[in-house]
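Following: one structure in structure tokens, then a few remarks.
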Amino acid sequence: MALLLFTPACSGWLRAEGGFTTSTTLARGRQGGSVGLEAAIGGEHDRVALDVALRAKVTEGAGDASLFIGGLRLLRPDPGGLYLLGGVNVLQLGSADGDVSFGMFSPVAEVGLAIDFRNRKTSNRLRLESPEMLTLGTRIEYDLRFTSQPNEGFWTVNLGYALGVAPR
């Protein structure tokens, strides 16, 4: 994936992120942390890249691990740019209120700022660019559960580190 991402005909990113999450109802015991790893890849001129992520959130009363599939629109961070992320958690496993929970097709949307801090390394033959980015985003998701617990919305603020290339 990393080799494909840095070829001239590709765009996308590899990102690790973490942050604070809370239920949109601000219910007691529903504040905690969120972490995620994701990869997005698209063509050099594609406006949207396919994005796949593994994420987890943990609060006192609820928590889950999810597989996200969606699209990433990364505007050229020069030195700062926007990114938009949308899709669904195609699978969610976790617990809510002390019972096992299971969900699918939960909608997710994220918007944020990508700040480019390129590290340019040169050698005698080769010039390598490592397009490193710091991301600051906010995500909203609605957990659709197929178990006895009610569906629930969550809001997350996250900080991430990404290696990526915006489409041309």
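The values are calculated or read from the model by the stated rules, or taken from the named source; none is laboratory data. The structure presented is a predicted model; accordingly, all values stated were derived computationally and were not measured. Note that each Cβ is placed from the backbone with ideal geometry, even for glycine, and that neighbours are counted across all protein chains shown. Side chains are part of the model used for accessible areas, which takes the heavy atoms of the whole protein and leaves out ligands, DNA and RNA. Shrake-Rupley method; radii C 1.70, N 1.55, O 1.52, S 1.80 Å.
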Test: residue in region 14-28 that is open to solvent by 70 Å² or more (accessible area, probe 1.4 Å), assigned to a strand (DSSP E or B), of a type in the set (Asp, Glu) and touching a residue at least 12 places away in the same chain (Cβ under 8 Å): no
Number of positions in region 74-120 that are of a type in the set (S, T, N, Q) and surrounded by fewer than 20 Cβ atoms within 10 Å (Cβ to Cβ): 2
Answer residue from region 127-168, given it is outside any strand (DSSP E or B) and among the hydrophobic types (A, V, I, L, M, F, W, C) and is surrounded by the fewest Cβ atoms within 10 Å (Cβ to Cβ) among those: PHE146
1 or more residues of a type in the set (Phe, Trp, Tyr) and either touching a Phe, Trp or Tyr at 6+ places or on another chain (Cβ under 8 Å) or at pLDDT 95 or above (or both): qualifying strands (runs of 3 or more DSSP E) within region 34-117: 62-74, 80-96, 99-103
Failed condition for THR138, given (1) at pLDDT below 95; (2) under 16 Å from GLY70 (Cβ atoms): (1)
